[in-house]
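Input: a single structure, listed below in structure tokens.
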Amino acid sequence: MNYSAMRNFVRSVLTVLAFALTTVAANSQSGDIDSGEVVYVKRCLQCHGEEGDGLGPAAERLNPPPRDFTLGLFKIKTTAFDEDLPNDDDLLRMIRDGMPGTAMPGWGDMLSQKDMLDVVAYIKTFAELEEEPEIQLDFGTQIAISDESIAAGKKLFEQGDRCTECHGLEGKGDAIKKLKNDNGERTWPRNLTKPWTFRASNDPKDIFARISIGIPTTQMPSFADPKSSKKLSIEERWHVANYVNSLAKVENVVNPENFVIQAGRRDTGLPTTPDDEAWKDAPSSTFIMVPQIVAKQRFFLTANDTISARAFYDDKRIAIYLEWDDRTKSIPGDPKAASIADENLSEDAVAIQFPRIIPKGMEKPYFLMGSATNPVNLWRWSSGTTEQSENGTIIDAMGILDQQPRDDSSGLNTASSYKNGTWRVVMTRSLQTAGQENNLQFEEGRFVPVAFFAWDGSNGETGTAHAMTTWYWLQLKPAADSKPLIYAIIAALLTGAILMWWSWGAQSRARESAA
């Protein structure tokens, strides 16, 4: 056999081998339906239901509700906008990584690759998905993030209310219309400043996919649809994706290590309105808020998920600044607010919780509005109605079902502003209140337990239906003065004098020994 023939023979063998390996690899990626059913019953049935219809035992307490696999429609996919079927890799990704902002966890740490592929194969049977998707999303050539691209994306985002109609001018999801999914369930636009709530991620490539494909079963449309009057080219979609990526918050984000609100001392007057520039000088602490599911009536579907706080004090008063994102300004009696809200529109509200007495050590009252033996003060602000202005009051609470609002505000003053999906509220009160033993008395330097509650009136939140935090700390940070420096200098001088005396004595003893 000559060299040329040998080369052709080897090439043929390698081609056949490569084909065989490719076939084996492809087959290894195919899940087993029967094995997938076993995993599904153990891991998935509780939420998605025995029939895959999203009606599992836990479904009614989940927001958003579990996916109904019988429809064969999936929100996160990389096939073309007019292609109903997702890729198996799309389904695998959701199982492996989960969906942030939902109850869908990532199973990558608990299930093997084979187990997850088996589940993919099984859940496809609910909608009898047997065909393979044909048309894939065209990503074109990705445009790198730059100031120019972000500026172009911002212009397209705002143009003709293309995106602001639902996501708002600052991307916080402050919609101007009520949204529902295909099942008639209430949905809220994504707050684009909180990327940790994105179902996929805020990587520009993922954002590009959502803009191009839309989100099936929701009112998020495809901007690649040639029939749409708001259609965007591939290049334009990359610009918008880069702009959305730039909206991610870099301030007022949760830092688990930051659990103390440091109230700085000001001797030039306290800022008492939320728009005062002085608040920029106060360090911010941001905390996670969770649904109130401890006491009846439990509420699983809260809209607020974080709250930020800052504080200042002087020799007489303390001022606390609160900021949280809220998609709607809920004012009962306002037709615009009513058109966006759920059926039972109520006021937006927020409350700061303090123990009635600063506890000794680490002991604190029950975090859910105290108890009969260890009551709390609630500083509560409400947004008001068309007939009643906003108001602030102090409530004596001995449990979530035992709250007594005071007839007067007990010296509590409040001011608020709402703009582009964010409430800002300032509450001010005297440090000391003479003759009122049921009021917390603030002391400089002491750590005071503090917790927060928030109600979104457009989301049906009122009474025991609200978001909440656990206890954190507030400290009136002592003002810096020269005493510590003076004490340090004196200590250093004394230490130096002692060392010099010891050295002189050692040298004297050495000379005496030598003599």
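The values are calculated or read from the model by the stated rules, or taken from the named source; none is laboratory data. Owing to the predicted nature of the structure, the values given are computational and were not obtained by experimental measurement. All Cβ positions, even for glycine, are placed from backbone atoms using ideal geometry, and neighbour counts span all protein chains on display.
For segment 119-130, does any single residue satisfy the condition of being under 20 Å from I213 (Cα atoms) and at pLDDT below 95? Yes: segment 119-130 contains one or more residues that are under 20 Å from I213 (Cα atoms) and at pLDDT below 95.
Of all residues in segment 75-93, those being under 13 Å from P216 (Cβ atoms) and either in the same structural domain as M220 (by TED's automatic domain parsing) or of a type in the set (A, V, I, L, M) (or both) number 3. Among the residues of segment 94-124, those identified as surrounded by fewer than 21 Cβ atoms within 10 Å (Cβ to Cβ) and closer than 23 Å to T187 by Cβ are D97, G98, M99, P100, G101, T102, A103, M104, P105, G106. Hey, does segment 214-233 have a residue that's crowded, with 16+ Cβ neighbours inside 10 Å, outside any loop (DSSP other than H, G, I, E, B), touching a Gly at 6+ places or on another chain (Cβ under 9 Å) and touching a residue at least 12 places away in the same chain (Cβ under 8 Å)? Taking every residue of segment 214-233 in turn, none turns out to be crowded, with 16+ Cβ neighbours inside 10 Å, outside any loop (DSSP other than H, G, I, E, B), touching a Gly at 6+ places or on another chain (Cβ under 9 Å) and touching a residue at least 12 places away in the same chain (Cβ under 8 Å).
Taken as a whole, the structure leaves D109 outside the set of residues that are closer than 17 Å to K77 by Cα and assigned to a loop (DSSP other than H, G, I, E, B). Of the numbered criteria (1) of a type outside the set (A, V, I, L, M, F, W, C); (2) at pLDDT 95 or above; (3) closer than 23 Å to T462 by Cα, the one S389 fails is (2).
Taken together, I211, I215, I234, I207 contain a single residue that is over 20 Å from T302 (Cβ atoms) and at pLDDT below 95, which is I215. Against the criterion of being part of a loop (DSSP other than H, G, I, E, B), among the β-branched types (V, I, T) and touching a helix residue (DSSP H, G or I) at 6+ places or on another chain (Cβ under 7 Å), T273 does not qualify. Put simply, of F126, F74 the only residue that is part of a helix (DSSP H, G or I) and within 26 Å of N183 (Cα to Cα) is F126.
Here segment 152-207 is the region considered, the condition is being outside any helix (DSSP H, G or I) and β-branched (V, I, T), and the residue that is surrounded by the most Cβ atoms within 10 Å (Cβ to Cβ) is T193. Sort out which residues of segment 371-396 are in contact (Cβ under 8 Å) with a residue 12 or more places away in the chain, closer than 22 Å to S417 by Cβ and assigned to a loop (DSSP other than H, G, I, E, B), and write them in order of number. Within segment 371-396, S383, G384, T385, T386, E387, E390 qualify. For L368, the stated conditions hold: it is outside any strand (DSSP E or B), surrounded by 19 or more Cβ atoms within 10 Å (Cβ to Cβ) and at pLDDT 95 or above. Somewhere in segment 336-346, is a residue closer than 24 Å to E390 by Cβ, of a type in the set (K, R) and modelled with pLDDT of 95 or more? No, segment 336-346 has no match at all. For segment 419-433: of the residues being under 18 Å from E323 (Cα atoms) and assigned to a loop (DSSP other than H, G, I, E, B), which is nearest to the chain's Cα centre (by Cα)? Filtering first and then ranking leaves G421. For segment 126-135, the set of residues classified as out of contact with any helix residue (DSSP H, G or I) (no Cβ under 6 Å at 6 or more places or on another chain) and either surrounded by 12 or more Cβ atoms within 10 Å (Cβ to Cβ) or more than 29 Å from L91 (Cβ to Cβ) (or both) consists of L129, P133, listed by residue number.
For the structure I just gave you, tell me whether S416 is in a loop (DSSP other than H, G, I, E, B), crowded, with 18+ Cβ neighbours inside 10 Å and either in the same structural domain as A282 (by TED's automatic domain parsing) or of a type in the set (K, R) (or both).
Taking the combined requirement at face value, the residue does not satisfy it.
Scanning segment 366-421 for residues that are at positive phi and not polar (S, T, N, Q) yields a total of 6. When restricted to residues that are among the charged types (D, E, K, R) and at pLDDT 95 or above, segment 131-156 contains 5.
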